[in-house]
């Protein structure tokens, strides 16, 4: 008994912490009401639909075709003016004085006001945000009064506007100008060297006009509609979002199975079933687990529970605390568990068998009786010696 006072500890006991408090604030919280749902075909189908609906997608951003790439501020433009015959504004009358029926204006950079200057055109020409075709038509129209049937060709020599940025978890962050033919999301990510992490751990965000939308990389790869055409000014940002689940209760002890934190496990793919999650945690501990009491805890949407035929009129709010239960003593529940998709941050709990508590009690009794027997034997030996 004296030895108990010198048993080493990692820190103070709970009683010591409580006794040392100058102010003690306590309250009696109300129990959180939750819905208990048996795993069956109806609840399985509803839950999996709910899981699919939680996958981020680009939504309205994925609708519509890519924009025509317009001239941007900073672009370098080439302007060539043609006349139908000599003697006009740009082509001299003297034969042989120059070859060709056109003149090339020196390359110009679109200024901050979005304009360029063309000789003999009253005022500057606004070009930013327009196509080369529309700018050519305007310059031709404004030269008609002076030149002989002028025709104008405008082309972009160097793109310095209409820029797109690809940042985050890519192999090489990139800032580049869009080509006239446009560019799609996956092509832009490929230019940046691709993602650093697996698709199922990568989320892609697009910032556009003050709005940010997200989609999983796996979703973009599987669904061509999510490979959206980019627009000038878009910022593409890749992040690593590792999905995890926790397993507690009567499963193999921490340390015997590898995990992110022994009881915290990461997904190995874009989706993972309940049976795969249990298998990754080492399965049920056959000496302690109650196979008919396997629980999965999550916050479920009202629409999901309603579609499964569950009355949730007592609950307010869109998210409802929900516990799914599986009875693994039944063969059909293994098929259901193999099709039930778990989600990020799901918590699995395997209850201990009622006989486990009895066994623990018996082990305690065994220890006590063993010690008593040893003491009695020692006393008998000592008495016989006298």
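The values are calculated or read from the model by the stated rules, or taken from the named source; none is laboratory data. Treat the numbers as computed from the prediction; the structure is a model and nothing was measured. Glycine gets a Cβ as well: all are built from the backbone with ideal geometry, and neighbour counts include every protein chain shown.
Residues checked against (1) exposed (fewer than 15 other Cβ atoms within 10 Å of the Cβ); (2) at pLDDT below 95; (3) not assigned by TED's automatic domain parsing to the domain that holds residue 226:
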| site | (1), (2), (3) |
| --- | --- |
| 141 | yes, yes, yes |
| 144 | yes, yes, yes |
| 169 | no, no, no |
| 179 | yes, yes, no |
| 183 | no, yes, no |
Task: The lone exception for residue 305 - which of (1) farther than 15 Å from residue 46 by Cα; (2) buried (at least 16 other Cβ atoms within 10 Å of the Cβ) it fails - done: (1)
TODO: Specify the residue that is nearest to residue 347 (Cα to Cα); the eligible residues are those in segment 285-314 that are touching a helix residue (DSSP H, G or I) at 6+ places or on another chain (Cβ under 7 Å) and in a loop (DSSP other than H, G, I, E, B).
DONE: 288
Open item on the list: For the structure I just gave you, tell me whether residue 133 is free of Cβ contacts under 8 Å to residues at least 40 places away in the same chain, over 30 Å from residue 205 (Cβ atoms) and surrounded by 14 or more Cβ atoms within 10 Å (Cβ to Cβ).
Closed with: no
Open item on the list: Please verify whether residue 239 is closer than 30 Å to residue 191 by Cα, in contact (Cβ under 8 Å) with a residue 12 or more places away in the chain, assigned to a strand (DSSP E or B) and in contact with a strand residue (DSSP E or B) (Cβ under 6 Å, 6 or more places away or on another chain), treating the condition exactly as stated.
Closed with: yes
Open item on the list: I'm told residue 202 meets every condition in (1) in contact with a helix residue (DSSP H, G or I) (Cβ under 8 Å, 6 or more places away or on another chain); (2) at pLDDT 90 or above; (3) farther than 18 Å from residue 226 by Cβ except one. Can you identify the failing condition by its number?
Closed with: (3)
